[in-house]
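Report on the structure given below.
The values are calculated or read from the model by the stated rules, or taken from the named source; none is laboratory data. Source: prediction; values computed, not measured. Here the Cβ is made from the backbone with ideal geometry for all residues, glycine too, and neighbour counts use every protein chain on show. Surface accessibility is based on the protein's heavy atoms, side chains included, excluding ligands, DNA and RNA. Shrake-Rupley method; radii C 1.70, N 1.55, O 1.52, S 1.80 Å.
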Amino acid sequence: MRVARPRTISEALSALDDNPGSQLLAGGTDFCVEVNYGHRRPEGVVCLRRVAELRDFEVGEGKVRIGAGTTYTEMVKRLSGVLPALAAAARTVGSPQIRNAGTLGGNVATASPAGDTLPLLAALDAEVVLVSSKARRVVPLNELITGVKTTTIGPGEMVAEVVVPRISGPQHFLKVGTRNAMVISIASAAVVVDLQAQVVRCGLGSVGPVPIRASRAEEMISEAIDWDDLSAPRAALERFGDLAAEAARPITDHRSTADYRKRAVAVIAARAMRRSLTRVT
Amino acid sequence: MVSPSVMRRRGSHLGASVLRPDGGPKAKGEFAFSSDMWMDGMLWGRTLRSPYPAALIKGIDVSPALAIPGVRAVISAQDVPGRKTFGLERADQPVFASDVVRYHGEPVAAVAADHPDTARRAAAAIRVDYEPLEPLVVAEAAINAPAIHPDGNVFRHIVIRTGDPTAVGDVVVEGTYEVGMQDQAFMGPESGLAVPSLDGGVDLYVATQWLHADRDQIAESLAMDPRMVRVSLAGVGGAFGGREDVSLQIHACLLALRSGRPVKMVYGRDESFFGHVHRHPAKMWYRHHANRDGELVNVEARIVLDGGAYLSSSNAVISNAVCFAAGPYRLANAKVEGWAARTNNPPCGAMRGFGAVQVCYGHEAQMDKLAAELGMDPVQFRLKNVLRRNDKMITGQVIKGTAPVEEVIRAAVSHPLPVPLDSSAEMMSLPGGAGMTADISDVRRGVGVAVGFKNLAYSEGYDDFTTARIRLDLSPQGEPVATVVIATAEVGQGFVTLASQIVRDLLGVDQVVLAPAGTEDIGSAGSSSASRQTWMSGGAIEHVCMMLRDSLLERAAGELDCPSSDLIMRDGEVSRESTAQRVSMTSLLAAGPLQAEHEFHHAKTQPLGVDGQGDAMLSLMFAAHRAVVDVDPDLGLVRVVQVTTGQDVGKALNPVQVTGQIEGGIAQGIGLAVMEEIVLDEGRVRNPSFTDYLIPTALDVPEVAATLIEEPEPGAPFGAKGVGEPPTISSGPAVAAAIRAATGLDVTRVPVRPQDLALRR
């Protein structure tokens, strides 16, 4: 097995070009498990841990750019002010050791339905910057992730950064698992309130092959909110949960049932919304 | 958390909280576990397992594996020179499946290669022609279904009848209960190193619970004199019953002998879930009768345990299940019927609590139901019916030992309750934990109590003895040293600490060395299971110490020219009261070393006779638990807040170790209540990983407060009972009761899944 340990993005991309069968290795929290279980045997790996430029992030006026190599621990520590729901999602990932290793870029590129940062990124209409030795392109998250663990990332390409709009207003992330920590999500929801645009965004995780936007729920609640004091009627909250559940397309597997996932997503979407309001009327 | 009373005794003697010698190394990652072993020139073994729960094997072609460079041996059923099967109670399980596979993950072949990855690829290259069969996966249906094994589908059927089983009470409650398949989930996966020896035999270093039982089964399959098979204990990373049965032992030895090279085998985490037996899933029907005044009248029960594809210890587990089915309560009348059945599910066998755990969920749910029906407080109702010394169990056995059932209940409920739920609670401390799913208004609190009991050591006439030898000698520096030779498997329970404490206490020797545990130099110590080693191995060591004391006194008597009855031994020296003469052990040992050996047997027990009656149990251990849980009913998520317990320990010989067993046992108990389950789909294991087989994390384990009830057990060495299993028996049922209290729902199945609560509202 060929192992490349580049220090820059361009070195990483050349290593990818030189060894087309290679797998990019960031935190390895998914990939190494698959190798251990014998599910994958790559011809080589390109290790990204030393690529310092992948760990940069920048909080701009209108946008936040987050390097793909940003670990969950760094998200918890450094982004809880500007993206509290991302920090909350990162906090739910694995154990401290896993959070020290796993990265945002890995979560996006792995594209697991249970990826914990994905509901929020979906809610924010995140854009993913892909680079190769030939080009740089920007792909919206909902075009990047096409199915269970499948993406439009091409050969020789890697995730360089994730760009989300900077939105002022409350945001919350809730995740349901059958253990109080270190558990794979069986349903999750992110709610972002945009006070300026007076709209609510809502992303759902683990209830479909890809992260889901609960668009009808968003439209309904954005109408129902009294934006002067950020309040909404209790019935609208319940309706919000129900519409979120309607948007979900969950399956039954060994972790949970489709019925429960629908119920859970209704409950947590409504609670995320409730927490975002100052008052329920 | 350790209650202050537990920590009061200091020093290095019995009753003191001596720290274990391997504690520091284990905490620092310096302890050598069995998976850390290495030998120059060793090969790596790998097992090929069936992907089907039931299939005929039409053919096995190992040639593609043998063709891979670096592969040194490939073996299957035809390469087993001796007995083709193994088993703890009866050898009904193939070393390798030959013509039929009966469970998902059953070994079919094994390879040894220069590199673990070569071994993995070689195992995958073996071509097995399977013809899949419809698996038999429902235990109740298996009882009368066509046999899937020459021995039939019913491992054991037992009926216990006492008094008038048709007696009817004023109040009758009925219920059916179900327990899922729990795994021992020990941290150190199965691993061992087999080394061919010059004499044509084999040395095996392995993590196990019972060295001699392994040795005898290996020797049978190798067609070898047991003396040619030397099994030594390698560092064990937990056991909980899951290492009683043979896993890789025979395979590794066969590969070593075939290749003429040392062979190391280490299961990965996924393979570990296929490599050992699990806790029996149970389906239980109960009908309880009581009088208006709250006196139990009759218990009727039917219990079906799913034993999986092979026997393992199912016969003993179903015996325990029926014997303890009614709980630690006085009963004039009972009829309990139990089956352990064979299915195409993974084999089930020993796990901490051994049959007593499953039925505790049933009898304690029923006790709460009866209390509710009677309008009585559930604790008072239990106290009114508890077993006491000289009472009869439903097996007719009169309890001659201690039975502080009332005391353990009172102790469990007397601990202060946790602070009430209020708005200052951190969100992460609520149900849902790090997922931050609940606000305080979404949560309800409940409290539940449960009581359980179980026997200590093997039952029904089984003679599970322990052999020990101690040599007293002088070190090169001239100081007395006691070397203890005993084959007791230290699996984490702390026997190594206790053995030294006993020798120090009885002989007054500071330096105590435990020789490595193995089969070569000493007889069996029995299994490190059934909470038996403190009694059995502790008893064996005690006895040998007393033999050595006698020898020392005799030597001293010769030296002081007086009868040995004039002498006493204390703090490592012999003295004569009347003359104040003293002889140190050093000078007594100057005449040469002393050695003594003893095979220690416990008092005989009887088989269960007609109607399941008989004095089958050596001694009983009791515990009660009170659980406080917070539940988020809309999401069905549970947070266990606190578990308090009273436990009957006889005598706490090392309180900090007792408390460690209690805290760990409670964690394992609540694991079964709220999350731990091997999920099966038509016999296939769906979650063989720690990603999906969930065990409690630090955020799931509650505050624990324990009171040790010390009433010395007559006949027990030092008055001490075993302590490992009771914490796992009633802690989970207490959690189930607390969930019922919090939600008002009739929780009848564990582990309680979120959907079981959230979708029933």
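A few notes on this one:
- So residue B:715, is it surrounded by fewer than 20 Cβ atoms within 10 Å (Cβ to Cβ) and on the phi > 0 side of the Ramachandran plot: yes
- Matching residues in the range A:52-69 - criterion: being surrounded by fewer than 23 Cβ atoms within 10 Å (Cβ to Cβ) and part of a loop (DSSP other than H, G, I, E, B): A:56, A:60, A:61, A:62
- Residue within the range B:640-647 that is within 12 Å of another protein chain (Cβ to nearest Cβ), in contact (Cβ under 8 Å) with a residue 60 or more places away in the chain and more than 23 Å from residue B:328 (Cα to Cα) present: yes
- Hey, residue A:140 closer than 27 Å to residue A:58 by Cβ, open to solvent by 20 Å² or more (accessible area, probe 1.4 Å) and within 14 Å of another protein chain (Cβ to nearest Cβ) or not: no
- Qualifying residue in the range A:25-43 (condition: part of a strand (DSSP E or B) and crowded, with 20+ Cβ neighbours inside 10 Å): yes
- In the range A:17-49, the residues that are small (Gly, Ala, Ser) and over 20 Å from the mean Cα position of the chain (by Cα): A:21, A:22, A:38, A:44
- Evaluation of residue B:666 against the conditions (1) farther than 30 Å from residue A:95 by Cβ; (2) open to solvent by less than 10 Å² (accessible area, probe 1.4 Å) shows that the sole unmet condition is (1).
- Residue match in the range B:408-421 (condition: open to solvent by less than 50 Å² (accessible area, probe 1.4 Å), part of a loop (DSSP other than H, G, I, E, B) and within 30 Å of residue B:712 (Cβ to Cβ)): yes
- Condition check for residue B:294: touching a helix residue (DSSP H, G or I) at 6+ places or on another chain (Cβ under 9 Å) and over 21 Å from residue B:163 (Cα atoms): no
- Among the residues of the range A:235-270, those identified as β-branched (Val, Ile, Thr) and within 13 Å of another protein chain (Cβ to nearest Cβ) are A:252, A:257, A:265, A:267, A:268.
- Selection count where residues are among the aliphatic types (A, V, I, L, M) and either more than 13 Å from chain B (Cβ to nearest Cβ) or touching a residue at least 24 places away in the same chain (Cβ under 8 Å) (or both), scope the range A:26-41: 1
- Single condition residue A:50 does not satisfy, out of (1) within 25 Å of residue A:127 (Cα to Cα); (2) within 14 Å of chain B (Cβ to nearest Cβ): (2)
- The residue that is farthest from the other protein chains (Cβ to nearest Cβ), among those in the range B:737-751 that are open to solvent by less than 30 Å² (accessible area, probe 1.4 Å) and within 24 Å of residue B:647 (Cβ to Cβ), is B:737.
- Only a single criterion out of (1) closer than 27 Å to residue B:672 by Cβ; (2) surrounded by fewer than 24 Cβ atoms within 10 Å (Cβ to Cβ) is not satisfied by residue B:294, namely (1).
Residue-wise test of (1) of a type in the set (Gly, Ala, Ser); (2) in contact (Cβ under 8 Å) with a residue 60 or more places away in the chain; (3) within 29 Å of residue B:149 (Cβ to Cβ); (4) part of a helix (DSSP H, G or I).
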{"position": "B:359", "(1), (2), (3), (4)": "no, yes, yes, yes"}
{"position": "B:369", "(1), (2), (3), (4)": "no, yes, no, yes"}
{"position": "B:381", "(1), (2), (3), (4)": "no, yes, no, yes"}
{"position": "B:402", "(1), (2), (3), (4)": "no, yes, no, no"}
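- Condition check for residue B:734: of a type in the set (A, V, I, L, M, F, W, C), more than 14 Å from chain A (Cβ to nearest Cβ) and open to solvent by less than 20 Å² (accessible area, probe 1.4 Å): yes
- Selection status of residue B:492, assigned to a loop (DSSP other than H, G, I, E, B) and closer than 21 Å to residue B:715 by Cα: no
- The range B:674-693: number of residues that are surrounded by 18 or more Cβ atoms within 10 Å (Cβ to Cβ) and either more than 8 Å from chain A (Cβ to nearest Cβ) or among the hydrophobic types (A, V, I, L, M, F, W, C) (or both): 11
- When restricted to residues that are surrounded by 24 or more Cβ atoms within 10 Å (Cβ to Cβ) and outside any helix (DSSP H, G or I), the range B:752-761 contains 1.
- Considering the range A:145-209, the qualifying strands (runs of 3 or more DSSP E), each wholly inside and each with 1 or more residues that are free of Cβ contacts under 8 Å to residues at least 60 places away in the same chain, more than 14 Å from chain B (Cβ to nearest Cβ) and charged (D, E, K, R), run over A:187-194.
- Unique residue being open to solvent by less than 10 Å² (accessible area, probe 1.4 Å), away from every other protein chain (no Cβ under 12 Å) and modelled with pLDDT of 95 or more when the list is B:468, B:434: B:468
- Any hit, the range B:694-701, residues being out of contact with any strand residue (DSSP E or B) (no Cβ under 6 Å at 6 or more places or on another chain), within 14 Å of another protein chain (Cβ to nearest Cβ), closer than 16 Å to residue B:181 by Cβ and outside any helix (DSSP H, G or I): yes
- Matching residues, the range B:43-58, being of a type outside the set (Lys, Arg) and surrounded by fewer than 16 Cβ atoms within 10 Å (Cβ to Cβ): B:51, B:56
- Flag if residue B:365 is surrounded by fewer than 22 Cβ atoms within 10 Å (Cβ to Cβ), in a helix (DSSP H, G or I) and not charged (D, E, K, R): no
- Unique match (being open to solvent by 20 Å² or more (accessible area, probe 1.4 Å), charged (D, E, K, R) and over 21 Å from residue B:267 (Cα atoms)) among B:114, B:92, B:40, B:61: B:61
- Residue B:152 vs. criteria within 14 Å of chain A (Cβ to nearest Cβ), under 21 Å from residue B:303 (Cβ atoms) and either in contact with a helix residue (DSSP H, G or I) (Cβ under 8 Å, 6 or more places away or on another chain) or open to solvent by 10 Å² or more (accessible area, probe 1.4 Å) (or both): no
- Residue, farthest from residue A:151 (Cα to Cα), within the range A:80-108, restricted to residues that are within 10 Å of the chain's Cα centre (by Cα), among the hydrophobic types (A, V, I, L, M, F, W, C) and away from every other protein chain (no Cβ under 11 Å): A:86
- Every residue from the range B:117-148 that is of a type in the set (Gly, Ala, Ser) and open to solvent by less than 50 Å² (accessible area, probe 1.4 Å): B:119, B:122, B:123, B:125, B:139, B:142, B:145
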